[in-house]
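This report refers to the structure that appears directly beneath it.
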Amino acid sequence: MLKDNPASFEFKTAIQDNRKQLVLNEWIDDSKKIPYEIKDLENIKVSNYTILNKQLKELKQLIFTESNIIYTDYHLNLPSKTYDFTATIYIFDKKGVLKKKLYKTGSQAELDSVKLGSVITEDINGLKNELKYYKAKKIELDRNNFWTFATLLPYSISSIFTGNMSPLTPMANILYTIHYVIIYCIGIGVFLHFLIVNLELIIRNRKS
């Protein structure tokens, strides 16, 4: 319900702000490096345009360009029933310092035919899609749609005693009531279970 209508419940201001800040910090940490990674890959693509059409099998020996030294190594993925390999493309600067590692998975034949340019483009597109995801996540965050079941559960369990959250809409009130009926039923069931077990033990001890 919170995902569909974040305004259906009201939280204490401190709880709402604290949780929102935590999610915002996670979003910033996860997303802030992506634009730089995209720029790095685009620079690598531009500075190595002369070898973008080379297949990965041609890069099994060191290739020297104006800006980089590039080398590809293959490793068998274990355990592997299909004999898939991972090609690791190492990109060094002219001094031999490793600047970037790219990965491509597939069969030996598939990897041999893959071109360097397509691997770089695929990584760039993947990062751009990831950045779109985080931008969409930021929009949801601005709508206060950042609660998950795991983060909401501690507050929903204790809210009847602490007032941490309050239902605002009619449907929210109905679900809120059902939620506590279920919790009380479970609590009563557990209590009765242990009560019966203890009574049985007491009766057995008296008989013996």
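The values are calculated or read from the model by the stated rules, or taken from the named source; none is laboratory data. Treat the numbers as computed from the prediction; the structure is a model and nothing was measured. Quick reminder, even Gly has a Cβ in these numbers, built from the backbone with ideal geometry, and neighbours come from all protein chains shown. SASA here: full protein model, heavy atoms, side chains in, ligands and nucleic acids out. Shrake-Rupley method; radii C 1.70, N 1.55, O 1.52, S 1.80 Å.
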Q) So, in region 38-81, of the ones that are within 21 Å of residue 107 (Cα to Cα) and open to solvent by 90 Å² or more (accessible area, probe 1.4 Å), which residue ends up modelled with the lowest pLDDT? A) 81
Q: Consider residue 115 carefully, then state whether it is under 31 Å from the mean Cα position of the chain (by Cα), of a type in the set (Lys, Arg) and open to solvent by 60 Å² or more (accessible area, probe 1.4 Å).
A: yes
Q) Do we have any residue at all in region 127-142 that's over 24 Å from the mean Cα position of the chain (by Cα), of a type in the set (A, V, I, L, M, F, W, C) and open to solvent by less than 90 Å² (accessible area, probe 1.4 Å)? A) no
Q) Would you say residue 15 is surrounded by 12 or more Cβ atoms within 10 Å (Cβ to Cβ), in a helix (DSSP H, G or I), at pLDDT below 90 and aliphatic (A, V, I, L, M)? A) yes
